[in-house]
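These notes are about the structure you will find just below.
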Amino acid sequence: MPIVVNLDVVMARRKMSLNELAAKVDLTLANLSILKNNHAKAVRFTTLEAICKALDCQPGDILEFVPEADE
């Protein structure tokens with residue numbers, strides 16, 4: 001998948017647990033875990049905005065485009 005979610009990296013830098021972030025952004029632990037583990041197929045802008053506010057970061061800190069290698 002060319003879009004990589006670096007949520008775990010940003011959370012580690014901010015020393016914030018998944019439980020703490022889930023409470024701050026009002027998401028279920030399961031849904032946040034899906035996003036953190038790079039299994040999400042989509043993310044709402046409102047969710048991304050809430051995460052960025054809670055972690056004091058930019059969307060580009062969380063989402064990264066990694067081109068797939070040509071086969």
Within the range 27-63, residues within 19 Å of Arg14 (Cβ to Cβ) and among the charged types (D, E, K, R) come out as Lys36, Glu49, Lys53, Asp56, Asp61
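Yes/no per residue for (1) at positive phi; (2) acidic (Asp, Glu); (3) touching a strand residue (DSSP E or B) at 6+ places or on another chain (Cβ under 8 Å):
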{"site": "Val10", "(1), (2), (3)": "no, no, no"}
{"site": "Lys15", "(1), (2), (3)": "yes, no, no"}
{"site": "Leu27", "(1), (2), (3)": "no, no, no"}
{"site": "Ala30", "(1), (2), (3)": "no, no, no"}
{"site": "Leu35", "(1), (2), (3)": "no, no, yes"}
{"site": "Phe45", "(1), (2), (3)": "no, no, no"}
{"site": "Ile51", "(1), (2), (3)": "no, no, no"}
{"site": "Leu63", "(1), (2), (3)": "no, no, yes"}
Filtering the range 14-35 down to residues that are surrounded by fewer than 12 Cβ atoms within 10 Å (Cβ to Cβ) and either among the charged types (D, E, K, R) or in a helix (DSSP H, G or I) (or both) yields Lys15, Asn19, Asp26, Ala30
Scanning the range 1-35 residue by residue, the ones that are in contact with a helix residue (DSSP H, G or I) (Cβ under 6 Å, 6 or more places away or on another chain) and among the charged types (D, E, K, R) total 3
Residue pairs within 7 Å by beta carbon, gap of at least six or interchain, first lying in the range 26-45 and within 17 Å of Val66 (Cα to Cα), second part of a loop (DSSP other than H, G, I, E, B) and among the β-branched types (Val, Ile, Thr), listed first then second, are Leu35/Val43
Within the range 36-63, the residues that are of a type outside the set (Val, Ile, Thr), modelled with pLDDT of 95 or more and not in a loop (DSSP other than H, G, I, E, B) are Phe45, Leu48, Glu49, Ala50, Cys52, Lys53, Ala54, Leu55, Pro59, Gly60, Asp61, Leu63
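The values are calculated or read from the model by the stated rules, or taken from the named source; none is laboratory data. Source: prediction; values computed, not measured. So basically every Cβ, Gly included, is an ideal-geometry build from the backbone, and we count neighbours across all protein chains shown.
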